[in-house]
1. Subtracting the Cα-Cα distance from 0.36 nm times the residue separation, let me have the gained length for residue 26 to residue 81 in nm, one decimal.
2. Hey, can you rank 53-59, 15-21 by average C-beta count inside 10 Å, highest first?
3. Can you tell me which of 26-39, 184-197 comes out highest on packing, and rank the rest after it, using the mean Cβ neighbours within 10 Å?
């Protein structure tokens, strides 16, 4: 049996690997329609980009994160600490910048006064937040269309960036497909050698 025949499995492996490699690349390429012999050719993913973007967005909204989920997070936020901190900074800054401490009598009571001002402001602000939080969450949930927002964002990505994101995410699986093509090509080549040998 000639060495050329024994090379068949290796040639088959290269052909199988290369075929799958090209097939994977052609999912994205060409990026824009190219006319060849009167027919338009375009990568499957660029051609169906809007449909794919909506499909990804729908899956994310359904399985991972919806407007309702975000609304629940907003509803559970604790504002007290942030409000107290903001009020404290504002009041302290205003009192330091004012002339109150230079007035003998008011200077003595300024610390007590600032404490009461902070308390009253914090109480008032938190009261308004509690009253309006439910309304805000309800409006947020009604107005934010998570699926459309995600679909638009994905669809507006540069096609090369979109390709990079997808291929990075499934890079390992794509390599497996390429090597699987090589393995299948090798097996087919080995079968051909066997057929030639026994015939």
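1. On the way: separation 55, 0.36 × 55 = 19.80 nm, distance 5.45 nm.
My answer for the length gained is 14.3 nm.
2. Numbers: 53-59: 16.0, 15-21: 17.9.
Going from most to least packed, we get 15-21, 53-59.
3. On the way: 26-39: 12.0, 184-197: 15.4.
Going from most to least packed, we get 184-197, 26-39.
A short reminder: the numbers here are calculations on the coordinates, not readings from a lab. For clarity, every value in this text was computed on a predicted model and none was experimentally measured. Heads up, the Cβs are rebuilt from the backbone with ideal geometry, glycines too, and the neighbour counts pull from every protein chain shown.
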